[in-house]
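Only one structure is covered here, and it is reproduced in the block below.
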Amino acid sequence: MSRVFNFSAGPSMLPLPVLVKAAAEMTDYPGSGMSVMEMSHRSPVYEKIIADAEQLVRSVLAVPDNYKVLFLQGGATTQFSAIPLNLMNGSGKADYVVSGMFSKKSYEEAKRFGDVKVLATSADKNFTYIPTFNVADIRPDADYVHICYNNTIFGSRYPAIPDTGNVTLVADLSSCILSEPIDISRFGLVYAGAQKNMGPSGLTLVIVRDDLIGKARETTPIMLDYKVAADNDSMYNTPPTYAIYVAKLVLEWVRDEIGGLEKMAEINRRKAQKLYDYLDSSKLFSAPVELNSRSIMNVTFVTGNDEIDKKFCKDAEKAGLVNIKGHRSVGGMRASIYNAMPEAGVDKLIEFMKEFEKNV
Ligand SMILES: *Cc1c(COP(=O)(O)O)cnc(C)c1O
């Protein structure tokens, strides 16, 4: 086997045991005589798969009982529209924190549906920190405050869940879901595209509090209405069946092989800390994100010299460390070290960087 260490921001690495199990069950899902891909989503075998997946989300993420777990399609980006359509229907106002590319996109999309304000932004320093705000800055009648908890492209993340007083908090967790425990009860709604840390692309997870469901505006497309999804157990139409199955395997891996999110967080923090420690000691590389805003999933770094950056990415690829190039809007490098990136991959990257630094 010649698997590389893949530092892609998404779609990204999946745990090897998950891939091995999916491969073993590919042509005959135990007892069914067919692949999960070939099954009716209404069959008893599949109904058990999706029900198990939901239970796993509930137990691994400690989802309170008054929240619905929805398996949707269209990626996190579709939620940029679905959230205002479903939730921005009280005062018709919402406050957005713009802390990176995806939060900017969610803000721009929400503007099409109502009165949307930038509550705080870190655009002034190219999103190298998480902007703070006071509860008093929030419009008290806002239907919700929206944040992106981990900024995939810039490599920043909230040091803690911000206080929004009585206003509902909504968060994009696409690139940090399952990376550490998170108190779901602090949010009205969280969502995540699966392809960063939870499974293959094609699946979007939404966890939404019961009282926020059933308030979608009249013109909401039926596929974007949380009530329709909730009333039909995420099966109003054909759900992304195979992606849900793989997400179930990932959740089982987190629960059984890792030992849950506390353990997962311990591993993730150790991996990130090693890499940041090296970056902070290096004379060639540096991490642009402020200390208390640093992501443990997406580690961005630069040399300050485009030619050296380019050579670094090229040489790294030859060494089996692939997809380290930073997002085109930021430049430099980005190592996405999601749950499935083995600690050995981070160790190898650091060794490689040390060698590179010596020889450059
Ligand atoms: C990747 C990503 C998105 C976009 O996800 P899609 O599933 O491609 O729509 C949105 N937000 C964050 C934080 C992301 O990392």
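The values are calculated or read from the model by the stated rules, or taken from the named source; none is laboratory data. Since this is a predicted model, take the numbers as computed values, not measurements. Cβ sites come from the backbone with ideal geometry, for glycine too, and all protein chains shown count toward neighbours. Surface areas here come from the heavy atoms of the whole protein model, side chains and all, with no ligands, DNA or RNA. Shrake-Rupley method; radii C 1.70, N 1.55, O 1.52, S 1.80 Å.
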Could you list, in sequence order, all residues of segment 197-212 that are closer than 21 Å to residue 244 by Cβ and open to solvent by less than 30 Å² (accessible area, probe 1.4 Å)? 197, 198, 199, 203, 204, 205, 206, 207, 208
If you check residue 221 against the conditions, is it within 26 Å of residue 266 (Cα to Cα), open to solvent by 30 Å² or more (accessible area, probe 1.4 Å) and over 13 Å from the mean Cα position of the chain (by Cα)? no
Out of 120, 142, 171, sole residue that is within 16 Å of the ligand (Cβ to nearest atom) and outside the structural domain of residue 302 (by TED's automatic domain parsing): 171
State whether the residues of segment 243-261 include one that is touching a strand residue (DSSP E or B) at 6+ places or on another chain (Cβ under 9 Å), over 30 Å from residue 299 (Cβ atoms) and either open to solvent by less than 40 Å² (accessible area, probe 1.4 Å) or away from the ligand (no atom under 15 Å from the Cβ) (or both). no
Exclusive hit being open to solvent by 20 Å² or more (accessible area, probe 1.4 Å) and either within 16 Å of the ligand (Cβ to nearest atom) or not in a loop (DSSP other than H, G, I, E, B) (or both), set 136, 82, 62: 136
Of all residues in segment 174-193, how many are in a loop (DSSP other than H, G, I, E, B) and either near the ligand (Cβ under 8 Å from one of its atoms) or open to solvent by 10 Å² or more (accessible area, probe 1.4 Å) (or both)? 7
Which residues, taken from segment 229-268, are under 30 Å from residue 216 (Cβ atoms) and in a loop (DSSP other than H, G, I, E, B)? 232, 233, 234, 235, 236, 237, 238, 239, 240
How do the pairs read when you match residues in segment 322-340 that are modelled with pLDDT of 95 or more with residues anywhere that are assigned to a loop (DSSP other than H, G, I, E, B) and surrounded by fewer than 19 Cβ atoms within 10 Å (Cβ to Cβ), using Cβ under 7 Å and keeping only pairs 6 or more apart or on different chains? 322/4; 323/8; 334/327; 336/8
Which of the residues belonging to segment 91-111 are open to solvent by 50 Å² or more (accessible area, probe 1.4 Å) and within 11 Å of the ligand (Cβ to nearest atom)? 101, 102, 104, 105
